[in-house]
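**Student:** Structure in structure tokens, see below.
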Amino acid sequence: MKQLSGTDNLFLQLEHGNQYMHVAGLGIYDPSTAPGGSVRFKEILEFFEARLDLAPVFRRRLVTVPLDLDRPYWIEDGDIDVEFHVRHIALPQPGDWRQLCIQVARLHSRPLDRSKPLWEVYVIEGLDNIQGLPAGSFALYIKFHHAAVDGEAGTELMKAIHSFSPDEAVDEIEKPPRFRDREPSPIELGTRTLINTAQRVPKFARFSLKTATRLAGVGSSYASQLMSVLREAGVPSVEIRKPKGRRPPVTRFSGRVSAHRVVELDGLPLEGMKNIRNKVAGSTLNDIFLAVVGGAVRAYLDDKGELPDRSLTAQVPMTTRGADKGGDVGNQIAIGVMPLHTEIADPIDRLLAISKGSDKAKATMAVVGKDLAANLFDLLPAAASELVTKRMMLPTMNIVVSNVRGPDVAMYMAGARMVNFAPVSVAMDGLGLNVTGFSYHGTMWVCSVACREMMPDPAFFSECLQASFAAMVRAADALPDVTEAAKAQSPVRRRKSATPRKAKVRKAAVRKKKSPARERPAAKAKAVAGTRSKSRAKSMAKTKMKARTKARTKAKVRAGAKTKAGKKPKAKQKAA
């Protein structure tokens, strides 16, 4: 039995109306690599069932506290109905790419059943008319609640449910012992709530003025409303100065989302992205991805006649896991806000501006601390956490842009090789477009998820994304390679630096030959000794002169005193 963290619970709290907080992944598989050249649905069921014990998310379900007085708990459920969670469907004829995207969008528009472990899998067949796919290929759509996994945990989860060899047998998988938690009683949950509340009071007191002022000190747009939102939620707070900040422009993605979604997938070659990185000094793959998405959003809104003259901003989730990407620790993320510089038409200029803004955002995050929001959500009541998110964080963003590093080697499902894999993420109120990338086996697979009312033409946005990437590749090809230029300059630098060093050595050698001090060290020593003795003699003469002058002065004083003493008696006698 494990209680959800404040961040985990926030994803549950935000799920209402048409806003669903589950994340998913879509993989397409080539069955020709499996033993026998094909894969049956029964084999996929057996493959999944053998791996249910490798990740606790498959066995956990939620238990809520009465009256929602505290955060819910995960409990281990011993019996998992695999056939309920893993389902089998097929596309209607002709089974093309558009039909696959529509089917995935429909599946993604349905919430998960909270009475069961929060995951579902759909095996989708009938991909017969999708260009570039081997015959008999099938897709697998897998969905988890964001309260259970984040991006990095999702990557580790995908590794757990796949093999790295097509020949791995089900009976070769080591299964850890399975345990089942008993159902907690309302009294037990109420007792835990009292203990947790008592422990949070001193913790919140330690959430000090220093932390709040650090928010304001970096000019964060969050800080202007932090204390007012906390007071509105009934949380004691302190006053901080109002920072400078401007909210981004309002776009078609800024409203409330409908119940329907659209999904589109694209593949960008990692080799091309790395080539751009080699041509533009200081850029990273994340900067390049942001610049490509910024160019796509610019082209899409410009075509609609809705391009603002100011830059749109993106919510950029960042992991706080460090080197250990796994572990049963829930969501470990921080949220950054990055300008997409949609006001800049030139792709290289846009990339340079984003790279500069990325450095500034990282510096701000270093001052504020990546774990600030997570610590705050752990201390606040759920309603206050939702208010902070809605009133402070979401209004500073237009869309969500994220990318996750995946494996560089091929993975297999029941022997079938995974051809591509893309994350299908969340579109929510105020952030009606989400563009997420996942690098797998040499390709950055990008999935764009949006509200269907906000983006009725996802195929056109896909064209904008591909055109933005192509324009950046062309612009980068016209630039010199940064690494090659550095290599070409390094020998020249060595020659330039070597010449003065040799000249200095020659000059030193000349001075060594001509210097009389080196040729006659004894004469120099005598000259130095003579100079020192002369200065000592002058100093001693001055001291003697001062002593004589002092002695003469004292003698005159004594003589004058004796003269006065002799005259005084005579004056007295004369007076008498």
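**Student:** I'd like the full set of residues that are touching a Cys at 6+ places or on another chain (Cβ under 8 Å) and among the acidic types (Asp, Glu), limited to segment 398-456.
**Tutor:** Of everything in segment 398-456, nothing turns out to be touching a Cys at 6+ places or on another chain (Cβ under 8 Å) and among the acidic types (Asp, Glu).
**Student:** Further question: What are the pairs with Cβ atoms under 8 angstrom where one residue, in segment 462-474, is closer than 15 Å to TRP445 by Cα and the other, located anywhere, is among the hydroxyl-bearing types (Ser, Thr, Tyr)? Sequence gap at least six, or different chains.
**Tutor:** Matching pairs, first to second residue: SER462/SER448; LEU465/SER448.
Every residue, every condition in (1) of a type in the set (D, E, K, R); (2) within 30 Å of PHE138 (Cα to Cα); (3) modelled with pLDDT of 90 or more, yes or no:
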| position | (1), (2), (3) |
| --- | --- |
| PHE11 | no, no, yes |
| LEU14 | no, no, yes |
| ASN18 | no, yes, yes |
| MET21 | no, yes, yes |
| GLY27 | no, yes, yes |
| GLY37 | no, yes, yes |
| LEU54 | no, yes, no |
| PRO66 | no, no, yes |
| LEU100 | no, yes, yes |
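**Student:** Just wondering, is there one or more residues in segment 378-387 that are crowded, with 19+ Cβ neighbours inside 10 Å, in a helix (DSSP H, G or I), without any contact (Cβ under 8 Å) to a residue 40 or more places away in the chain and not hydrophobic (A, V, I, L, M, F, W, C)?
**Tutor:** no
**Student:** How many residues does segment 86-117 hold that are over 35 Å from the mean Cα position of the chain (by Cα), buried (at least 16 other Cβ atoms within 10 Å of the Cβ) and of a type in the set (Val, Ile, Thr)?
**Tutor:** Residues in segment 86-117 being over 35 Å from the mean Cα position of the chain (by Cα), buried (at least 16 other Cβ atoms within 10 Å of the Cβ) and of a type in the set (Val, Ile, Thr): 0 in total.
**Student:** While we're looking at this one, here's another question. Kindly establish whether GLY219 is modelled with pLDDT under 70, of a type in the set (Gly, Ala, Ser), in a loop (DSSP other than H, G, I, E, B) and farther than 25 Å from ARG452 by Cβ. Give the derivation first.
**Tutor:** Numbers: modelled with pLDDT under 70: yes; of a type in the set (Gly, Ala, Ser): yes; in a loop (DSSP other than H, G, I, E, B): yes; farther than 25 Å from ARG452 by Cβ: yes.
Yes, satisfied.
**Student:** So is VAL401 part of a strand (DSSP E or B), touching a Ser or Thr at 6+ places or on another chain (Cβ under 6 Å) and at pLDDT 95 or above or not?
**Tutor:** Working: part of a strand (DSSP E or B): yes; touching a Ser or Thr at 6+ places or on another chain (Cβ under 6 Å): no; at pLDDT 95 or above: yes.
So VAL401 does not fit the description; no.
**Student:** From the list PHE84, PHE41, pick out the single residue that is of a type in the set (Phe, Trp, Tyr) and more than 19 Å from MET418 (Cβ to Cβ).
**Tutor:** Details: PHE41 fails: more than 19 Å from MET418 (Cβ to Cβ).
Exactly one residue qualifies, and that residue is PHE84.
**Student:** Being touching a residue at least 60 places away in the same chain (Cβ under 8 Å) and either part of a loop (DSSP other than H, G, I, E, B) or under 30 Å from ILE130 (Cα atoms) (or both) is the filter here; which residues of segment 38-58 pass it? Give the steps one after another, and end with the answer.
**Tutor:** First, pick out the residues of segment 38-58 that are touching a residue at least 60 places away in the same chain (Cβ under 8 Å): 38-39, 41, 43-44, 46-48, 50-51, 53-58.
Across segment 38-58, the qualifying residues are SER38, VAL39, PHE41, GLU43, ILE44, GLU46, PHE47, PHE48, ARG51, ASP53, LEU54, ALA55.
**Student:** Filter segment 437-458 down to the residues that are surrounded by fewer than 24 Cβ atoms within 10 Å (Cβ to Cβ) and among the hydroxyl-bearing types (Ser, Thr, Tyr), then identify the one that is farthest from LEU312 (Cα to Cα).
**Tutor:** Filtering segment 437-458 for residues that are surrounded by fewer than 24 Cβ atoms within 10 Å (Cβ to Cβ) and among the hydroxyl-bearing types (Ser, Thr, Tyr), the one farthest from LEU312 (Cα to Cα) comes out as THR443.
**Student:** Still on this structure: Of all residues in segment 415-466, count the ones that are farther than 21 Å from GLY272 by Cβ and β-branched (Val, Ile, Thr). So that I can check it myself, show each step before the final result.
**Tutor:** Of all residues in segment 415-466, those farther than 21 Å from GLY272 by Cβ come to 415-418, 424-434, 449-460.
Then keep just the ones that are β-branched (Val, Ile, Thr); that gives 424, 426, 449.
Of the residues in segment 415-466, 3 are farther than 21 Å from GLY272 by Cβ and β-branched (Val, Ile, Thr).
**Student:** Can you tell me how many residues in segment 20-53 are among the hydrophobic types (A, V, I, L, M, F, W, C) and over 30 Å from GLU76 (Cα atoms)? Before you say what the answer is, go through the steps one by one.
**Tutor:** Of all residues in segment 20-53, those among the hydrophobic types (A, V, I, L, M, F, W, C) come to 21, 23-24, 26, 28, 34, 39, 41, 44-45, 47-48, 50, 52.
Checking the rest, the ones that are also over 30 Å from GLU76 (Cα atoms) come to 28, 34, 39.
Number of matching residues: 3.
**Student:** For segment 163-199, which positions are in contact with a helix residue (DSSP H, G or I) (Cβ under 9 Å, 6 or more places away or on another chain) and modelled with pLDDT of 85 or more?
**Tutor:** The answer is SER163, PRO166, ASP167, PRO184, PRO186, LEU189, GLY190, THR193.
The values are calculated or read from the model by the stated rules, or taken from the named source; none is laboratory data. Small disclaimer: the values here were computed from a predicted structure and weren't measured. Here Cβ is always computed from backbone atoms with ideal geometry, including for glycine, and neighbour counts include all displayed protein chains.
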